[in-house]
Structure formats: structure tokens, C-alpha cells
1. If you plug each phi of the range 70-80 into the Karplus form 6.51 cos²θ - 1.76 cosθ + 1.60 with θ = phi - 60°, what whole-Hz ³J(HN,Hα) values come out, in order, with x for Gly and Pro?
2. Taking θ as phi - 60°, what are the ³J(HN,Hα) couplings along the range 33-39 by the Karplus curve (6.51, -1.76, 1.60), each to the nearest whole Hz, with x for Gly and Pro?
3. Among Ser101, Ser123, Ser43, determine the one that fluctuates most according to a GNM of the chain built with springs between C-alpha atoms less than 10 Å apart.
4. Any idea what the dipole of the range 35-256 comes to, in debye rounded to 20, about its Cα centre with Lys/Arg Cβ at +1 and Asp/Glu Cβ at -1?
5. Quick one: of Lys162/Lys212; Lys111/Lys212; Lys37/Lys120; Lys37/Lys111; Lys33/Lys111, which pairs are farther than 18 Å apart, Cα to Cα?
6. Pop the C-beta distance of Asp125 and Ser208 into the FRET formula with R0 = 41 Å and round what comes out to the nearest 0.05.
7. Between Ala112 and Thr144, with labels modelled 7 Å along Cα→Cβ, what's the label distance in nm to one decimal, could you check?
8. In whole percent, what relative contact order does the range 35-256 give with Cα contacts below 8 Å and a gap of six or more residues?
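What follows is calculated from the coordinates using simple rules that are stated; it is not laboratory data. Bear in mind that the values here come from a model prediction, so they are computed numbers and not experimental data. Here the Cβ is made from the backbone with ideal geometry for all residues, glycine too, and neighbour counts use every protein chain on show.
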Amino acid sequence: MKLFLRTLFLAILCTSMLSGCKKDDSSPVEDPKAENKKPLGTSAEDILSDDIYQSLVVELVYTQSFQPDPSSILAFKDFITARIHKPGGIVFIERTVPNQSGAPFTLTEIKAIEESLRTKYTSEDQMALYVFFANGSSNNDTQTQVTLGTAYQNTSMVIYQKTLETVTLDQPEVLPILEQTTLEHEFGHILGLVNIQNDDIHTNHEDSNNAKHCMVEGCLMYYDATNVLRSQLKKNLSRMGAVPQLDPLCLADLQAKGGQ
Ligand SMILES: [Zn+2]
Ligand SMILES: [Zn+2]
């Protein structure tokens, strides 16, 4: 027992000495992922403009059982290319991974999945984005509400692909439209819409009844993909003929931050 206590004491002593050394170290070890662990909306300008980052890499991760329609991915690529100003180019990387366990997923689980699946992080002159298409629903879903997607950090978002497929079972023709709408809407949040960091310009178009969303009915950012009422979603789906576009006010916000 005595020996154990002595060993323990020595261990504590060593640890405190080590941490003492660390404090004196003038070059602390930097987290290479730190640039990608910031709050939502804080990297809007870095993604939109070429001020700091000349290029962009977008990593799209699907699971074996739930993959988006290829037409949705093409449309998403066009949407990004049309808005982002990156003279160094935009690269898209697509990967299929095994189904992830733990569904329905908490946001903490979604972040842990990102930690294990994401391979691209922001580097010196390239910005990196990550999109995960989940093989399960959000654990926030209830009998009356459903979550289609969530942008949860400055460069990270999840699309609840299984949920998108479940809610369109009766109308499979609507699925690609819902996929594109959810992808582009969540990406809009990553770009800071609407007023996420309280720095949007010009006219105030944040909906006072629906924070962080646009007050212009029919705008891509009017529609809410988080906590959608199932009854409302059913109604929306039945008249969903096309993916909503960004209205001029939302577009002006993006342009003010260096987008096009
Ligand atoms: Zn939203
Ligand atoms: Zn708008």
C-alpha cells in the first residue's frame, strides 16, 4: 500500500512537472482542426471570398444504405459554384462509408461521427467543408416535429437522409427537390444566413417569428429544415414543384461578404 501511495505521489509530481513545462513552452501545440471547430456563420466571409482562402474543398460523406440522388449532388455543386468566389477552384470529394451506429443521433453523436469520418480540414489557403448524409434520424424528432438537416458548426452540416426518404415515401418524385432544398438551406446557414452572427447588411430581413430565417416567403432561407412540423411538411411537399431560390436580400448579404 505504501509503495502504491509513493508511486501515486511520484506520478502526480511528474504530471505537475510536465504541465509546468508545457506552460513555459513558447510554441504550444496547435489543434490542426481548430479552424473547423468555430460557431456557425463565423466563416461565412472566408468561404465566400478569396481574401484569405483561394480555394475550397467540399467533402460529401454518404453511408451505404442512404445516399442522395446524383441529380441533387450536381445541383448542390452548381449552387456552391454560383455563390462562392474562389479563383483557385472548388474541389468536391465524395465518399461512401459504412452505416454509422447510434441512430437516432444526438448532435454530440453527429460531432463524434465527424471526428472519425472527416478527412479534409482548412489549411493555409484552402477552406474545407464537410457534409454528412446520416443513415438515421435526429433524436430531436417527435410525433409532431422532424429535423431534415442541421448546420452545426462553421464548416459542418448533417443531412438526415433517412428522414428525407421516409417523409417522401408516398411521393418519391419530391425526394430530389427536398434533398436539394435541405442541402442548400443548411449551406445558407453556414454562409451566415440569416443574420446568424448579427452582421448581415442593409435591409433587415430576419423573420421576427422565425429567428435566423428570412422573412421573404418563397426564399430558400424562409423554409426551415430544423424542427419542421410534420403536418406542415406534408402540405409543403404536396406543392413542392421546385427548389426555392435565394431572394435578392439574402443574395445581397452573400455578396457583401465577398460572394457572387
Ligand atoms: Zn434553417
Ligand atoms: Zn431571403
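1. x, 5, 5, 5, 4, 5, 5, 4, 4, 4, 5
2. Going residue by residue, I get 9, 4, 5, 9, 10, 9, x Hz, with x marking Gly and Pro.
3. Maximum among the listed residues: Ser101.
4. Numbers: 15 positive and 29 negative charges, 119 e Å.
In total the dipole reaches around 580 debye.
5. Working: Lys162/Lys212 25 Å; Lys111/Lys212 22 Å; Lys37/Lys120 13 Å; Lys37/Lys111 10 Å; Lys33/Lys111 13 Å.
From the list (Lys162/Lys212; Lys111/Lys212; Lys37/Lys120; Lys37/Lys111; Lys33/Lys111), the Cα-Cα distance tops 18 Å for Lys162/Lys212; Lys111/Lys212.
6. On the way: r = 40 Å, r/R0 = 0.96.
It comes to 0.55.
7. 3.1
8. On the way: 418 pairs, mean separation 52.4, N = 222.
Normalised by residue count, the contact order of the range 35-256 is 24 percent.
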